[in-house]
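The structure appears right after this line, and notes come after that.
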Amino acid sequence: MVKSENVEKAYQTAKERYAELGVDTEKAIKQLEKVKLSVHCWQGDDLNGFVNPEQELTGGIGVSGNYPGIARTPDELTDDLHEALSLVPGSHKVAVHTLYAVTDKKKDFDEIGPEDFKYWVDWAKKEGIGLDMNPSFFSHPNLKQNFTLASPEKDIRDFWVRVGKQSRAISNYFGKELGQQSVNNFWMPDGFKDNPIDKLSPRLRMIDALDEIIKDGSYDEKNTIEAFEGKLFGTGVESYTVGSHEFYDNYALTRDKLWTIDAGHFHPTEDVSDKFTAFLPFGGKGLMLHVSRPVRWDSDHVVIFDEALQRITRSLVRDNLLDKTNIGLDFFDATINRISAWVVGARATQKALLQAMLAPIEDLKEAELHFDFTKRLAVTEELKSYPFGAVWDEFCLRNNVPVGTDWLNEVRQYEKNVQFKRN
């Protein structure tokens with residue numbers, strides 16, 4: 001058990017060290033407290049959901065592992081989310097998919113509406129958190145030959161258009177009931193496994209379908225806004241993805257919506273952090289960011305405090321983009337305790353943000369402006385060994401969450417008393 005007096009002592013030392021560089025640790029802590037993460041519910045049950053849990057995962061989605069204690073019911077999933085959120089400092093949001101509706105009778109995806117998410121809204125009110133929405137364009141018989149909104153079959157397109165429209169109503173319901181904007185994130189798996197002849201027509205059909213979904217302008221953006229998520233490729237659509245990055249950043253700009261950047265959806269050599277400032281100056285409402293960890297491809301590993309994450313958070317902080325960026329988690333690993341996955345990923349993201357905030361940013365920008373690259377390199381290198389961990393521990397202490405690895409002890413106890421008894 002970490003002693004609070006040791007945390008406070010280490011923090012005072014760190015505070016003095018950072019002050020020597022002109023960095024105010026108290027200001028950084030207050031800044032971090034304002035950042036809400038959108039925690040994805042699907043880490044808790046491997047994307048089975050409650051609408052058709054017997055349906056095989058499709059759309060290029062796959063999960064590895066079979067760790068015991070998986071959530072099987074809405075109450076089990078929200079209990080696990082409550083446990084995870086209690087171990088992450090700050091107040092956050094939870095993201096859900098269409099297939100997590102809690103219905104009193106069997107419904108198809110296009111029939112699911114706001115009334116089927118009352119369970120989630122009631123729970124969110126009790127927790128004091130917000131909710132984000134994701135229409136589920138996968139794991140359904142109408143995902144035909146890997147096509148949904150870009151399908152050449154009008155009946156298929158019409159079905160998924162109805163799903164998309166319903167998702168907007170659900171997201172608006174979240175925003176109205178919970179008093180904070182709900183981001184409604186669209187990702188479709190449409191594409192071809194092998195080389196297509198016609199690359200234009202599917203994209204034109206996708207544009208028409210999306211325009212049909214969002215044409216109702218009666219939803220107040222203080223309640224809901226749409227985001228559109230591209231991808232380089234996916235399993236089964238290796239040769240052609242309709243919703244590429246270029247497709248969706250252009251769609252978001254021309255429709256005044258959010259563009260979603262998923263850290264796992266690009267080529268492994270691309271620097272995701274470089275894309276924020278390439279997109280935002282051209283307009284649009286902002287960004288939705290999905291923090292994930294690709295290992296060789298979009299493999300949705302649990303986010304860790306690695307260089308890729310640090311580059312992402314440094315870009316958001318140094319360029320003052322946090323107010324224009326919604327940060328969500330998007331990974332699922334069934335080889336480990338699922339609550340631990342949430343906690344590791346969320347805390348890693350917060351740590352990376354804090355480290356980025358603990359820098360003399362304006363001083364370094366001034367040096368760069370005058371071509372003092374020597375100072376820029378020297379200071380940024382020294383910052384890597386500065387005691388930001390002591391500031392992080394203080395942040396956890398002030399938010400009444402476990403410091404260091406103490407949170408793992410709580411998860412182990414919960415695992416023993418709750419999760420392992422489910423099997």
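Residues of region 150-162 include none that is closer than 26 Å to Arg338 by Cα and basic (Lys, Arg).
Condition check: out of contact with any His (no Cβ under 6 Å at 6 or more places or on another chain) and within 23 Å of Val295 (Cα to Cα). Does Val272 satisfy that?
Yes: the conditions hold for Val272.
When restricted to residues that are surrounded by fewer than 17 Cβ atoms within 10 Å (Cβ to Cβ), within 21 Å of Val163 (Cα to Cα) and either charged (D, E, K, R) or out of contact with any helix residue (DSSP H, G or I) (no Cβ under 9 Å at 6 or more places or on another chain) (or both), region 96-123 contains 8. When Val35, Val51, Val23 are checked against the criterion of being β-branched (Val, Ile, Thr) and within 20 Å of the chain's Cα centre (by Cα), a single residue qualifies: Val35.
Have a look at Ala348, Ala341, Ala334, Ala356 and point out the one that is of a type in the set (A, V, I, L, M), closer than 27 Å to Gln12 by Cα and out of contact with any Lys or Arg (no Cβ under 7 Å at 6 or more places or on another chain). After applying the criteria, what remains is Ala348. The helices (runs of 4 or more DSSP H) found wholly in region 299-408 and carrying at least 2 residues that are β-branched (Val, Ile, Thr) occupy 307-318, 338-357, 373-383. The single condition from (1) in contact with a Gly (Cβ under 9 Å, 6 or more places away or on another chain); (2) within 18 Å of Tyr67 (Cβ to Cβ); (3) crowded, with 18+ Cβ neighbours inside 10 Å that Val411 fails is (1). Is there a residue in region 199-206 that is within 22 Å of Asp158 (Cβ to Cβ) and either without any contact (Cβ under 8 Å) to a residue 24 or more places away in the chain or in contact with a His (Cβ under 8 Å, 6 or more places away or on another chain) (or both)? Yes, region 199-206 has at least one match.
For (1) over 30 Å from Leu322 (Cα atoms); (2) surrounded by 16 or more Cβ atoms within 10 Å (Cβ to Cβ); (3) among the aliphatic types (A, V, I, L, M), each residue gets a yes or a no:
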{"site": "Lys27", "(1), (2), (3)": "no, no, no"}
{"site": "Gly49", "(1), (2), (3)": "yes, yes, no"}
{"site": "Asp75", "(1), (2), (3)": "yes, no, no"}
{"site": "Leu81", "(1), (2), (3)": "no, yes, yes"}
{"site": "Val94", "(1), (2), (3)": "no, yes, yes"}
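Only the coordinates and a few stated rules stand behind these numbers; no lab work does. In this text, all values refer to a predicted model and were calculated from it rather than measured experimentally. Quick reminder, even Gly has a Cβ in these numbers, built from the backbone with ideal geometry, and neighbours come from all protein chains shown.
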